[in-house]
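Below is one structure, written out as structure tokens, with a few remarks after it.
The values are calculated or read from the model by the stated rules, or taken from the named source; none is laboratory data. What you see is a predicted model, and the numbers here were worked out from it, not measured in a lab. FYI the Cβ positions are ideal-geometry reconstructions off the backbone, even for glycines, and counts take in every protein chain you see.
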Amino acid sequence: MERIKEALERAREERDQSGVPVQRRSNTSTGAARDPAPKKIEYTETRIRPRDDARLDQWRVVAHRPQSPAGEAFKVLRTRVLQRMMAKDWSALAVTSPTMGNGKTVTAVNLAISLAREVNHTVLLVDFDLKRPNVHNFFTDEPGPGISDYVSRDVPLTEILFNPGIERLVVLPGNEAMEDSSEVLLAPKMLELVEELKSRYPNRIVIFDLPPALFFDDVLAFSPYIDAVLMVAEEGVTTKQQLQQACGMIDAERLCGVVLNKSTAPHTDMGAQYGYGSR
């Protein structure tokens, strides 16, 4: 865990110096290249919602404005995550946090948008925080079906998936809260769905927004079915013990990194609120 602590300290130092983390150069390979995603995608079975920049701003989404310092920070996070995942030939990434309110969902949404802007990939953002589904609220206030409808009412995915007006990004939202969430995640129907989402398109990256690791057993139960985990810690709130416990639940080889969120550093720009430390 000392390596994680050192990584967080490096991320904080880099952020304090420049307002955004600095990507270190590396001569290592990023893995075998995948076939590039189509530059222009026509959605024939997926609903398209108009992009709502005002709503994205309201919900602290910044990756759709890549020239802002905060948008640049997520571009750095995107590059770090892609390097790690491509080196391992991974395609499924879970985003979680030790406790509630650390910013895991806003991190997952911003990372998904930033990854979708990288033209070699399509991205599917999946709301698997079944106890408190919230991803859909970042894009729209219109009610719609979600994963709970797929599980309980056999609503087809074609009626649930939507494109939020951002090229190469598709969202699989939640809807009603499900108290028996870990049991639902491990149901045969859901595991078949996960395998389908992961394997259908070779150039797709799937991001699963999961519940906080220390509050529920969903992360522990679902971890065998994803490739990597990104942990989101809240500066000044997440304790060292909480971070150690949460990261200790993940196989060390599959811990993709730790995001330092909600910085209290004296910077006026929101970009100073994001840092990234890899193992």
Item to check | Residue list for region 170-215, filter: part of a helix (DSSP H, G or I), under 23 Å from GLY144 (Cβ atoms) and in contact with a strand residue (DSSP E or B) (Cβ under 6 Å, 6 or more places away or on another chain) | outcome: LEU197
Item to check | Counted residues, region 154-169 - those being part of a loop (DSSP other than H, G, I, E, B), farther than 14 Å from ASP52 by Cβ and of a type in the set (A, V, I, L, M) | outcome: 3
Checklist entry - Does VAL219 qualify as being within 27 Å of ASN102 (Cα to Cα) and either among the polar types (S, T, N, Q) or in contact with a strand residue (DSSP E or B) (Cβ under 7 Å, 6 or more places away or on another chain) (or both)? => result yes
Next on the checklist: I need the full set of residues from region 130-144 which are of a type outside the set (D, E, K, R) and in contact with an Asp or Glu (Cβ under 8 Å, 6 or more places away or on another chain), in order please.
Outcome noted: LEU130, PRO133, ASN134, VAL135, HIS136, PHE139, THR140
Checklist entry - Do we find that LEU161 is buried (at least 16 other Cβ atoms within 10 Å of the Cβ) and more than 30 Å from GLN242 (Cα to Cα) in this structure? => result yes
Item to check | Failed item, numbered, when LEU193 is tested on (1) more than 18 Å from LEU125 (Cβ to Cβ); (2) surrounded by 16 or more Cβ atoms within 10 Å (Cβ to Cβ) | outcome: (1)
Next on the checklist: So if I check each of VAL109, VAL95, VAL151, which one is within 24 Å of ASP218 (Cα to Cα), in contact with a strand residue (DSSP E or B) (Cβ under 8 Å, 6 or more places away or on another chain), in contact (Cβ under 8 Å) with a residue 24 or more places away in the chain and in a helix (DSSP H, G or I)?
Outcome noted: VAL109
Checklist entry - Which ones in region 128-139 are surrounded by fewer than 24 Cβ atoms within 10 Å (Cβ to Cβ) and not in a helix (DSSP H, G or I)? => result LYS131, ARG132, PRO133, ASN134
Checklist entry - Taking SER114 and the conditions (1) farther than 22 Å from SER68 by Cβ; (2) crowded, with 22+ Cβ neighbours inside 10 Å, which numbered condition does it fall short on, given that it satisfies the others? => result (1)
Item to check | region 50-79 residues that are more than 13 Å from ARG117 (Cβ to Cβ) and of a type in the set (S, T, N, Q), paired with ones that are modelled with pLDDT under 95 and assigned to a helix (DSSP H, G or I) (beta carbon under 8 Å, 6 or more apart) | outcome: SER68/MET270; SER68/GLY271
Next on the checklist: Just the residues that are touching a helix residue (DSSP H, G or I) at 6+ places or on another chain (Cβ under 6 Å) and either hydroxyl-bearing (Ser, Thr, Tyr) or in a loop (DSSP other than H, G, I, E, B) (or both), please, taken from region 220-248.
Outcome noted: TYR225
Checklist entry - Tally time: how many residues in region 71-101 are within 24 Å of GLN242 (Cα to Cα), among the small types (Gly, Ala, Ser) and modelled with pLDDT of 95 or more? => result 2
